[in-house]
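Heads up, the thing below is written out as structure tokens.
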Amino acid sequence: MKKFLIGLLALFSYSVKAQLLKDVSESIHGNFEVDAQYYNKDTAIGAPIVPQKILSNGFGNLNYIRGNFSAGLRFESYNPVMLGFDPRYQGTGIPYKYARYKNNFVDITAGNFYDQFGSGMILRIYENRGLLYDNTIEGFRAIITPLKGVTVKAMIGRQRVFFGLSPGIVRGGDVEWNLNETFDSLMAHKKTKVTLGGSFVSKYQTNQSPTLNEPENVGCFGGRANINHGGFNIYGEYAYKINDPSYVNRYNFKDGQGAYLTTSYAGDGFSIMAAGKYVDNMSYRSDRDQTLNAAMINYMPALTKYHTYLMATFYPYATQPNGEMAAQGEFQYHFKKGSAIGGKYGMEVALNASVAYGLDTVNLAPQNDARQFHYYVRSLRPGEKYFHDFNIEISKKINKKVKGTFLYSNQFYNKDIIVENSSVNIYPNIKTNIFVLDVTYKYKTGSSIRFEAQEMYTKQDKGSWAVGMIEWWPVSKFFAAVVDQWNYGNDDPSKRFHYYLFNIGFIRDAVRVTLSYGKQRQGIFCVGGVCRTVPASDGVALTVTATF
Amino acid sequence: MKKIMASLVIVILCCTAFTFEGGKIPSVTIKNLDGSKINTSTFSNNGKPIIISFWATWCKPCKKELDNIMEDYADWQKETGVKVIAISIDDARTMPKVITDVKTKGWTYEVYLDDNQDFQRAMNVNMVPHVFLVDGKGDIVWSHNSYAEGDEAILYENVKRVIKGEKLEH
């Protein structure tokens, strides 16, 4: 019977294609990535023993588009998952598949989808394949444009948790209204652009606690506004969540709320940006007992500079969903070509500062009740300090062949809170001073050498580190690189290791193959707002990615 | 479940067994820097080629590439009429920086926000930087992942070849 149905479906689709839709554009595209690593035994650096010797992560996407219709799927396989990722990613399957129809009025998806409401403070369904983050919803979604400038979204389904689904059901709706598009004749050419939005999300999960009266339906709602006027932009969002005891908030019945405001002004060659955020008990998951990054419904990104240099990201920060207030400011200036400071080729300077504190709370004694409240917020003053990063980055092209970037960053890191998720004081706060020099020398068209020298001074944790890197592109299709991270400041002289890594890579159009050999140091890895320690490793790794 | 998947695969294969093209730009809704929406299938350049560059504010090679193209962009436009569309895949964390980076750098490209990564997914972009070259008829004819100093020269050679109607390796 099933074979018959499949055959019928295939025949039908073929005949439809042959007869009706001849002039509709059609394509099939996809991408894939396979990572595999062979692990050497290296107990000195603390690398765990891998009994399988080889671990691999891989996925392949296939998307078919025909006019307004599209369908696709993703195959994933972890045999088993590589070190550093959540070990619950085990096995092989097709956790993502969808069929979608979209025209100017309606956009309907059956199957898996990704979406976000506003900045994601109450709902953000997304994937980051490199970090193995995927909280896709499997269900239905409709996006309707009933009126020019108005977008209405409605969705229902269950979230992916590894190769299964979360026990909770997620329902959500969102309305976004772009006033300028609606009032075309009045506002279309006005310089001031206004967008308003409002959303509601609710999750359902049965009460499973023998002692607590866990709420089965938990709602969360929010509103937002964006105003743009030329180079000026302001965005604000507020969200409120009703009682939602969970593993992450230690089964606290307190309501949650979050607020986010960011504003910027960008002129010709300069810009200024300021942002602030307040988060109180806003962890929101479709499975209240889940840990790490699984079954997260919302997204609260850290309000800090997104560094890419190894030492500047040594101690990364993630928003503390149980309570945080944070602020960030940035000033950028582009000294023009030909100016006194800019010289012949110009120069860019960026000053950035970010801070994060806990809330000023008062703890409550346990109550003799099936609903437990753990604290109240006493004032809007900052509580315990979690993080800061004050940094300056200068980029300059010196001549036709040489350009460079200098970065200085001063950071403060509360390891107990950020990594251990504990208010008990075990580790000292880590204070670092980081210097980076990155120079590219282009010796002929398509050929270049890039050097990086980095230094991180600290008296805490594992002490100071130095990094040296050379990346050579003899032709633009091939590169070879060597990096050495040296923990020269470790208090224990026997642990002053060199973590060297050799890398070669080939790129041909949209295909990239890289091979690396060497050691990875233990590090802190933040995904989906959760930071954790990933182990050191030693071995040979191969990565192949392609888009077609 | 497995049977459903098998049938889906069969349907897809049946539909595509007969034609296999580079394809047009898929229809995805993304945002302008001022918050208004635009459908990516409406990207056009009066019959001239379009370069679509996926980038992010935190991606150093992406910004290097776009900076380097910017130095020659006026000449490129004069000679070939090519247009660069820069698609930022920044999410809520870094999205406010898109507008400040673009203005500070003085990029004159069309810049859009793909903060939900819908367009990135539809174009099967694995990592940034990733550039696509679209010919005057709206067909995607070439794409390239990653950036090395000097890659913009190869990109521009390809733009000129597309205008001459030469076939590019895909």
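Derivation of every value follows stated rules applied to the coordinates shown; laboratory data play no part. Note that the coordinates shown come from a computational prediction; the quantities given were computed from them, not determined experimentally. Glycine gets a Cβ as well: all are built from the backbone with ideal geometry, and neighbour counts include every protein chain shown.
Between region A:368-439 and region A:119-184, what is the C-alpha centre distance in whole Å?
Cα centroid to Cα centroid, the span is 31 Å.
So for the pair A:Asn217, B:Glu79, with labels modelled 7 Å out along Cα→Cβ, what separation do we get in nm?
Placing both labels 7 Å beyond Cα along the Cβ direction yields 6.5 nm.
Which pairs break 23 Å Cα to Cα here: A:Lys396/A:Lys462; A:Lys203/A:Lys254; B:Lys64/B:Lys97; A:Lys444/B:Lys48; B:Lys137/B:Lys167?
Values: A:Lys396/A:Lys462 33 Å; A:Lys203/A:Lys254 17 Å; B:Lys64/B:Lys97 16 Å; A:Lys444/B:Lys48 30 Å; B:Lys137/B:Lys167 14 Å.
From the list (A:Lys396/A:Lys462; A:Lys203/A:Lys254; B:Lys64/B:Lys97; A:Lys444/B:Lys48; B:Lys137/B:Lys167), the Cα-Cα distance tops 23 Å for A:Lys396/A:Lys462; A:Lys444/B:Lys48.
For the cross-link pairs A:Lys415/A:Lys519; A:Lys344/A:Lys397; A:Lys193/B:Lys37, which exceed 19 Å when the distance is taken from alpha carbon to alpha carbon? Write down the numbers at each step before the final one.
On the way: A:Lys415/A:Lys519 24 Å; A:Lys344/A:Lys397 8 Å; A:Lys193/B:Lys37 12 Å.
Long pairs (Cα-Cα over 19 Å): A:Lys415/A:Lys519.
Give, in nm to one decimal, the length gained when the segment between A:Phe390 and A:Lys344 is fully stretched (0.36 nm per residue of separation minus the Cα-Cα distance). Don't skip to the answer; put the middle values down first.
On the way: separation 46, 0.36 × 46 = 16.56 nm, distance 2.92 nm.
Once the chain is fully extended between A:Phe390 and A:Lys344, it gains 13.6 nm.
Quick one: order A:Ser422, A:Ser464, B:Ser146 by neighbouring beta-carbon count within 10 Å, fewest to most.
With the fewest neighbours first, A:Ser422, A:Ser464, B:Ser146 line up as A:Ser422, A:Ser464, B:Ser146.
Please state the relative contact order of chain A as a whole percent: Cα pairs under 8 Å, 6+ residues apart?
Working: 1455 pairs, mean separation 56.3, N = 548.
Reported relative contact order: 10 percent.
Against the empirical 2.2 N^0.38 Å scaling, what ratio does the C-alpha Rg of region B:22-164 come to? Kindly include the intermediate steps, with their values, before the conclusion.
Details: Rg = 13.9 Å, N = 143, 2.2 N^0.38 = 14.5 Å.
It is 0.96.
Between B:Leu168 and A:Ile242, with labels modelled 7 Å along Cα→Cβ, what's the label distance in nm to one decimal, could you check?
5.5 nm
What 222 nm value per residue comes from the helices of chain A, counting each DSSP H run with n ≥ 4 as -39,500 (n - 2.57) and dividing by all residues, nearest 500 deg cm²/dmol? Present the calculation step by step, with values, prior to reporting the outcome.
Numbers: 4 runs with 30 residues, N = 548.
Theoretical 222 nm ellipticity from helices: -1500 deg cm²/dmol.
Kirkwood-based Rg over Rh for region A:235-281 (C-alpha set), two decimals?
Details: Rg = 16.2 Å, Rh = 12.8 Å.
The Rg/Rh ratio comes out at 1.27.
Given the C-alpha centroids of region B:51-118 and region A:484-514, what is the distance between them in whole angstrom?
The two parts, judged by their Cα centres, are 30 Å apart.
Over the alpha carbons of the protein assembly as shown, what is the largest minus smallest coordinate on each principal axis, giving the biggest first in Å?
72, 65, 63
Mind giving me the FRET efficiency for A:Leu131 and A:Asn410? R0 is 25 Å, r the Cβ-Cβ distance, nearest 0.05 is fine.
E between A:Leu131 and A:Asn410, to the nearest 0.05, is 0.40.
Can you spot the aspartates and glutamates whose alpha carbon is less than 13 Å from A:Lys337's alpha carbon? Ignore those fewer than 8 places along the same chain.
Within reach: A:Glu348, B:Glu71.
Counting residues in region A:104-300 as N, plug N into 2.2 N^0.38 Å and put the Cα Rg over that result. Intermediate values should be presented prior to the final figure.
On the way: Rg = 18.4 Å, N = 197, 2.2 N^0.38 = 16.4 Å.
Taking the Cα Rg and dividing by 2.2 N^0.38 Å, one obtains 1.13.
By DSSP, what percent of the beta bridges with both residues in chain B are antiparallel, rounded to the nearest 5?
Details: 16 of 26 bridges.
Just about 60 percent of them are antiparallel.
Report the FRET efficiency, 1/(1 + (r/R0)^6), for A:Tyr517 and A:Lys477, where r is their Cβ-Cβ distance and R0 is 22 Å, rounded to 0.05.
On the way: r = 21 Å, r/R0 = 0.94.
The value I calculate is 0.60.
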